[in-house]
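Have a look at the structure below, then the notes.
Bear in mind that the values in this text are calculations on the coordinates, not laboratory data. The structure presented is a predicted model; accordingly, all values stated were derived computationally and were not measured. Positions of Cβ are generated from backbone atoms using ideal geometry, with glycine treated the same way; all protein chains shown enter the neighbour counts.
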Amino acid sequence: MFIASVVVPILIFYFYLRTKREREKYEKEWRTYGNVKSTAILEGRILRTVSYKEKFYQDLYLQVTELWIDGKQGRVKAIKKEPALSDNEKAGFHTGEHVRLSGEWHHSTFYF
């Protein structure tokens with residue numbers, strides 16, 4: 001019984017510290033998620049917009065904005081992902097609007 005009274009609190013403390021470190025790592029990654037390198041430019045007219053929240057980790061969410069743009073490259077899907085904070089405003093993109101976005105390409109999708 002004495003071993004259990006010593007080992008159980010040590011195990012609980014160990015897993016508490018491990019979970020806390022993991023949470024800090026994911027929160028740091030979540031805060032910097034919207035930072036994208038500006039290596040390319042996409043220009044065109046917005047055909048369709050969709051905005052939604054995506055789960056990142058436990059109670060951390062990402063605000064995702066998807067745009068379908070008709071430009072020189074044809075119809076392209078452009079995605080913006082940023083941390084969903086309470087003070088975040090939704091991106092003000094409207095159908096038919098002409099936009100110029102800077103970001104980077106991943107396969108056939110443009111991230112800005």
Would you check the chain for Lys pairs whose C-alpha atoms are within less than 14 Å, ignoring same-chain pairs closer than 8 in sequence, and give me the count? 9
Which number do you get for Rg(Cα) / (2.2 N^0.38 Å) in region 50-112? 1.20
Compute the acute angle (0 to 90°) between the alpha-carbon long axis of helix 2-31 and the principal axis of greatest extent of the alpha-carbon atoms of the chain; round to the nearest 10°. 10
Loop-only GluC sites (Glu not before Pro) in region 65-105, please: DSSP not H, G, I, E or B, and at most 15 other Cβ atoms within 10 Å. 89, 97
For region 73-112 the trypsin sites (Lys or Arg not before Pro) that pass both the DSSP coil test and the at-most-15 other-Cβ-within-10 Å test are 90
Sum -39500 (n - 2.57) across every DSSP H segment of at least 4 residues in the chain, then divide by the residue count to get the 222 nm mean residue ellipticity, nearest 500. -9500 deg cm²/dmol
Which label in [x] 2.31; [y] 1.06; [z] 1.58 gives the computed Cα Rg over 2.2 N^0.38 Å: [z]
